[in-house]
Amino acid sequence: MTLQEEIRQQLTGPGGPFELTEEDVLGERMTVFKSRPCSVRELLKDSAIHADADYIVQGERHVSYSEHLELVASVARALSERYAIEPGDRVAILAANCAEWVITWWAVASLGGIIVALNGLWAADEIEFGLAHTEPKLLIGDRKRLARIEGLDLGIPTIEIESGFADLEQYARGAELPTTPIAEDDPCLILFTSGTTGRPKGAVVTHRALVGFVKTQTFHGLERVMVAARSAKSANVDADAPPPLRPCSLVTTPLFHLSGLYAAAIMMLAQGAKTVYREGRFDPEDVMRIMEREQITIWSALGSAGPQVASHGSVDQYDLSSVRNVGFGGSPTSPDLQRRIARIFPNSKGNMGMGYGLSESGGMGASIGGAELEARPTSTGRAQIGYQIEIRDEEGEPTANGCNGEVHMRSAYLMLEYWRNPEATAETIKEGRWLATGDIGRLDEEGYLYIDSRARDMILRSGENIYPVEIEHRLDDHSSVAECAVVGVDHEQLGQEIKAIVVPESGAEIDTDTLAKWVGEKLAIYKVPSVWEVRAEPLPRNAAGKVMKNVLTGEAESRLVDE
C-alpha cells in the first residue's frame, strides 16, 4: 500500500473525518460523504465561527464574516418580503465581481431560490436570451451592464447595485437567516456553458453538488498536506520558518464561472479565508501590486491571466513570496507556463495544482498537484474522491488504458439537467447518470487523465487524427511565443491542414520557419503546421479562459464586450 493509499484509507474509512458511504442519489447508488452539511445555507451558518475576520475585501470596503451573515440575512428578508422570492424562484445577477454579487448569492441560496449567473461579458441579445430562457422574478445588476439592455422591456423588477443594493443591506439588520426547508438535491444555481457554439445552455446545480465540492476539495487538500508531511522529502522541517499566513485568495476569475463562485466565494468561506476582489479589466501589474499589499496566498491563474503576469516586465519588482498556492484550469496549461509560474512564485512550487471540471460536472472531476503535477505536468490528475472517470469510444464502449476517446464522468454532484432543455440533457447525461463531457482524453495505467482536445477541435489530416493541444504545448515552449492556438483549415487533397496562430512575446520576432523546425524536432512531420498567422493582439478567450477557436477560424464573431 502506498503512503497516499494509507492516508486515504485513514481519512475515508470507518470513523474517519471523511468517511465514505453509498446512498441513493436521483435513483442511482452513489458514493457520498457520510457526514456532510445538507445545504449551502448550513455552510454559511458555520462561517459564524470566523467572526470578525475579513471575508470580502474590495477596494476600501472590508466585510467581516459576522457582518456578512448580517447582510445576507437582511438581503434575504428584503427579497422575500419585497419581491416574494420563494424556494425554486430564480434571481438573475448581471454584474462584475463585487461584494454585492457574493451577498446576493448567499441570500438567494439561503431562501431556497436559484441564482441565474448571467455572463457579465454578454452583449444585449445574449442577456435578453438568458433572461427569457430562465424567467427570473428579479434582476440585480451593476450600472455598466444594465446599460447594455437599456430600453428592453424585461417585464421584471430590476435593482441597480450602485443605487439600490444598500437599501437591501439595511432592510432588516439583525434578522436571522431563513429557515425554509432545503433538500440536498434542490437546485440553487444555473451556470451557463461557455457557448462557443450555438446558444449557451444552463447547467442546473444542486446544494448537494456545492457542498460536495467543498468537502471534496477539503479532503484532497488535507490528503496532500499529510502526504507531504510524512514523506522523506519534508522530514527536515525548518524550525525557524515563519508561521504560515492566513489563507487569502485574490479573485480574478468571474463569479459566473465555476472557478470564481465555487473555488473563491464558497470554498474560501468554508475555510475562513479572506477573499480580495479587484475592479475593472484584468491588469497584470495591478494584480501583482495587490498580491504584495494584501499578502495573497492563493491565486487561480486561469486562461491568459498566468501568461500575462509571468511575461510582465515588472514582475521582478514585486514581492510575491506570500503566494503559496497557484491553480490552473479552464484550458490545458503547458509545462513551460508551469515552470514560469514556479519561478515568479517560488513558494508555490510544491503547491501548484490543476483541475478538470465543467459547469455540468458539479466541480472538478479530476485534479493533480504538488509532486504529482511536477512528475506529470501534462496530466489533469486522477478522479477525485466520489468521482468515476471512463474513456469511451464512438460506440459508447469503454476503451483500454492509453486509448483516446470521449471523457465520461459519474458522481453524485453532476448537474441535475440543462434548464428547460430535455434534448440536450439526454444527449449529455447517459444511463446511470454518466456525463458525456465532449472532451477527448485518455487514462494511463495508473488512472491519470490526459485531456487531448475538444472533440470539435480535432484535426483530420489525410486520415490522421491530430489533437491540437500537443502542438500548442510544443509551441508554448519556444521563447518567442507568448500564446498560441492550433486549428484545422480546409485542404482540397488532405481534407484539413494545420494552422498555427501565434502571439509573440513582448519584443520578440516570430520566424515561422524556425517554429516549424522546432515543432518537428519533437512531433511527427504530419503534425507540423503548414499555415501560420502571427497576431499582435491577444487570442480571444471566453470567460472560462478558453481560447475561442471558432472566432479565430471566422466561424463566429467575438461577442464579448468590454468590461
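Structure above, values below:
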read-out: Residue check for residue 78: surrounded by 16 or more Cβ atoms within 10 Å (Cβ to Cβ) and in contact with a helix residue (DSSP H, G or I) (Cβ under 6 Å, 6 or more places away or on another chain); value: yes
read-out: Sole exception among (1) more than 26 Å from residue 425 (Cβ to Cβ); (2) touching a residue at least 40 places away in the same chain (Cβ under 8 Å); (3) surrounded by 14 or more Cβ atoms within 10 Å (Cβ to Cβ) for residue 159, by number; value: (2)
read-out: Selected residue [farther than 28 Å from residue 314 by Cα, in contact with a strand residue (DSSP E or B) (Cβ under 8 Å, 6 or more places away or on another chain), among the hydrophobic types (A, V, I, L, M, F, W, C) and not assigned by TED's automatic domain parsing to the domain that holds residue 188] from 358, 373; value: 358
read-out: Yes/no for residue 451 being outside any helix (DSSP H, G or I) and either of a type outside the set (Ser, Thr, Tyr) or farther than 23 Å from residue 192 by Cα (or both); value: yes
read-out: Residue selected from region 331-347 under the condition touching a Lys or Arg at 6+ places or on another chain (Cβ under 6 Å) and in contact (Cβ under 8 Å) with a residue 24 or more places away in the chain, by the criterion nearest to residue 306 (Cα to Cα); value: 331
read-out: Strands (runs of 3 or more DSSP E) contained in region 292-370 and holding at least 3 residues surrounded by 20 or more Cβ atoms within 10 Å (Cβ to Cβ) and among the small types (Gly, Ala, Ser); value: 353-358, 363-369
read-out: Meets criteria (out of contact with any helix residue (DSSP H, G or I) (no Cβ under 8 Å at 6 or more places or on another chain) and crowded, with 16+ Cβ neighbours inside 10 Å) for residue 130; value: yes
read-out: Some residue of region 97-110 being free of Cβ contacts under 8 Å to residues at least 24 places away in the same chain, assigned to a helix (DSSP H, G or I) and surrounded by fewer than 24 Cβ atoms within 10 Å (Cβ to Cβ); value: no
read-out: Subset of region 469-493 that is in contact with a helix residue (DSSP H, G or I) (Cβ under 9 Å, 6 or more places away or on another chain), in contact (Cβ under 8 Å) with a residue 60 or more places away in the chain and not in a strand (DSSP E or B) - its residue that is surrounded by the fewest Cβ atoms within 10 Å (Cβ to Cβ); value: 477
read-out: Number of positions in region 148-176 that are in a loop (DSSP other than H, G, I, E, B) and under 20 Å from residue 61 (Cα atoms); value: 3
read-out: Looking only at region 266-286, and only at residues there that are hydrophobic (A, V, I, L, M, F, W, C) and touching a strand residue (DSSP E or B) at 6+ places or on another chain (Cβ under 7 Å), the one that is nearest to residue 106 (Cα to Cα); value: 269
read-out: Unique residue being under 30 Å from residue 211 (Cα atoms), touching a helix residue (DSSP H, G or I) at 6+ places or on another chain (Cβ under 9 Å) and modelled with pLDDT of 95 or more when the list is 120, 141; value: 141
read-out: Residue in region 421-431 that is more than 21 Å from the chain's Cα centre (by Cα), among the basic types (Lys, Arg) and part of a strand (DSSP E or B) present; value: yes
read-out: Count of residues meeting criterion [surrounded by 12 or more Cβ atoms within 10 Å (Cβ to Cβ) and over 18 Å from residue 213 (Cα atoms)] in region 27-46; value: 1
read-out: Some residue of region 247-265 being over 24 Å from residue 502 (Cα atoms), assigned to a loop (DSSP other than H, G, I, E, B), over 24 Å from the mean Cα position of the chain (by Cα) and modelled with pLDDT of 90 or more; value: no
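Matching residues to (1) farther than 22 Å from residue 207 by Cβ; (2) of a type in the set (A, V, I, L, M, F, W, C):
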| position | (1), (2) |
| --- | --- |
| 378 | yes, no |
| 381 | yes, no |
| 402 | yes, no |
| 407 | yes, yes |
| 413 | no, no |
| 416 | no, yes |
| 421 | no, no |
| 438 | yes, no |
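The values are calculated or read from the model by the stated rules, or taken from the named source; none is laboratory data. Predicted model, so just to flag it, every value in this text is computed and none were measured. So basically every Cβ, Gly included, is an ideal-geometry build from the backbone, and we count neighbours across all protein chains shown.
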